[in-house]
1. Distance in nm between label sites at B:TYR233 and B:LEU276, each 7 Å beyond Cα in the beta-carbon direction?
2. Over the Cα atoms of the protein assembly as shown, how large are the radius of gyration and the largest Cα-Cα distance (Dmax), in Å?
3. By per-residue mean of other Cβ atoms within 10 Å, what is the highest-first order of B:43-51, B:152-160?
4. Using only Cα atoms and rounding to the nearest 10 degrees, what angle (0 to 90) does helix A:245-255 make with the longest principal axis of chain A?
5. Any chance you could check the Cα centroid distance between the stretch A:82-119 and the stretch B:133-174 for me, in angstrom?
6. Any chance you could look up the accessible area of B:CYS93 with a 1.4 Å probe, heavy atoms only, rounded to 10 Å²?
7. Please arrange A:GLU21, A:GLU248 by accessible surface area, largest first, computed with a 1.4 Å probe and ligands excluded.
8. Could you give log10 I(q)/I(0) at q = 0.08, 0.11, 0.13 Å⁻¹ for the stretch B:59-295, computed by the Debye formula over C-alpha point scatterers of equal weight, without solvent?
Amino acid sequence: MATKMTQPKIQVQDFNFFYDEFHALIDLNLAIQQNEITALIGPSGCGKSTFLRAINRMNDTISGTRAEGVIKLDGEDIYAPDVDVVELRQRVGMVFQRPNPFPQSIYDNVAFGPRVLGMVHNGNLPQMVEESLTDAGLWDEVKDRLKDSALGLNPGQQQRLCIARTVAVKPEVILMDEPCSALDPVATLRVEELMRKLAETYTIVIVTHNMQQAARVSDRTGFFWLGKLVEFDETGTIFTSPREALTEAYITGRRG
Amino acid sequence: MNTTKSTDARTNSHRRTLKRQQTNQIATVVITGVAGLVVLPIILVILYIFINGIGAISWEFLTAKPRNGMTEGGIMPALLGTLLLTFGTGIVCIPLAIGAAIYLAEYAGDNRLTRWVRLAIVNLAGIPSIVYGLFGLGMFVLFLNFGTSIVAGSLTLGIMTLPVVISTAEEAILAVPQEFRVVSQSLGATRWQTIRHQVLPHAIPGIITGVILGLSRAAGETAPILFTVAAFYLPDLPQSVFDQTMALPYHLYVIATQVPGMPLEIQYGTALVLLLLVLSLTLIATVIRTNMRRRRDW
């Protein structure tokens, strides 16, 4: 967990976010490092999911929202007027809380992104699908039934399929919004192992309600409270010697 | 003493329960009966037309032209005309309606254009069909100079059919889970790619249902085609879309009211063919909808 001196992958500066009049995110400042897993914790409604969706501008699809301040991806403001949101979302992928494969075949689920993004050349699609499924640790389980409906998979497999689908468009950052909250402990463990492996290639930001999960998988942890980032530090520090009393109260309160 | 009291209470409560159950049974019977009454007229109409008209139906009736002042022969020109008009109506109405439905379901914000579109649809649905006929006469037959023709009739019927098809298509599109759109866009798909690949494929059966229902209504309408396309009697079949044509509903109106000495059987036979045509369209729509509900797996 070396502290890198290089430019952070994502740099957030004085970021504020509003749902109509509601001030959902207040003066956020943090840096997310390349090839690290950054966990965001905090009670429901504290703004961590809103922040996550601000990084790929999925909040744009909700009417009445407004963002102020700067989020830089590789040094470039993603809220600048000339930014192509569609291209941004290709670079910053997302895995959702509920496993949500399309009601199509396993193959078509993974192939969807490359197809619509025009990444398919010279019949390389089957190979891309295989690579993505392998990256998501699902290939061996599904290689003989790629044409079957994705909805026939169990929830853990479905979530890994969703990860494969995200990986298939070759993003740089993967946002995960409580990716294990609908999974049983075994499936959760598999996804966590997968995340550690994916972090070698991607930068991962994960929202979780599960303290142990944050402690197990992440390099850095941010604690959100009422729209503010109360504390942001290396995960070990947050969980053993937090600077803020509020952080400690939250962590210990949830642990018991 | 105490025991007696509690026994009394129990008996009373038992009696109350019985009474409630009786009321419940009566309500069930009455409500079922009323619902059954709704089915009665449609069955009677179909049976009545069927019994009176089936005798006239023959291969010749369907494939021959009317003869001898329409009192003999068949209804082929009118049947063909109605099929042509239904097809034409589809060509006019389907692109417009689906476009409008996609706009309303996927693009429409709360702005003036949206309000105007919705207001227009509500008002289109409320216009009496004879007014469509007059509009078609003024707009398509005279102003655009299409003459009394299949084009003018199809345009008139197409516009009349719009509201039904737009509403059902919009519902079908809105019924596709929001999640599909969110996921698709999170993968970098554009809005149109999302609609094209993750919304429309799931909405298509519902849209088709709406289209068929709209067309079946158009097939049976008389007033809109009265001044725009329908001919009293034509010796020849239409040669182009700028020709007039005979059509079943108008033909039925003509032989029922305008031709003296018309055999009743031919009238009922014509009505039966029209009824079967419309019913079979509705049936197809129902089958598609049922299939869609069964297949839907989200």
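The values are calculated or read from the model by the stated rules, or taken from the named source; none is laboratory data. Computed from a prediction, not measured in an experiment: that's the story for all the values here. Note that we place each Cβ from the backbone using ideal geometry, even for glycine, and neighbour counts take in every protein chain shown. Each accessible area value is taken on the protein alone, full model and side chains, heavy atoms only, with ligands, DNA and RNA left out. Shrake-Rupley method; radii C 1.70, N 1.55, O 1.52, S 1.80 Å.
1. Taking the two extended label points, one gets 2.5 nm.
2. 33.1, 104
3. B:152-160, B:43-51
4. Roughly 40 degrees, rounded to the nearest 10.
5. Answer, in whole Å: 40.
6. For B:CYS93, the solvent-accessible surface is approximately 0 Å².
7. If we order A:GLU21, A:GLU248 from most to least accessible, we get A:GLU21, A:GLU248.
8. -0.36, -0.64, -0.82
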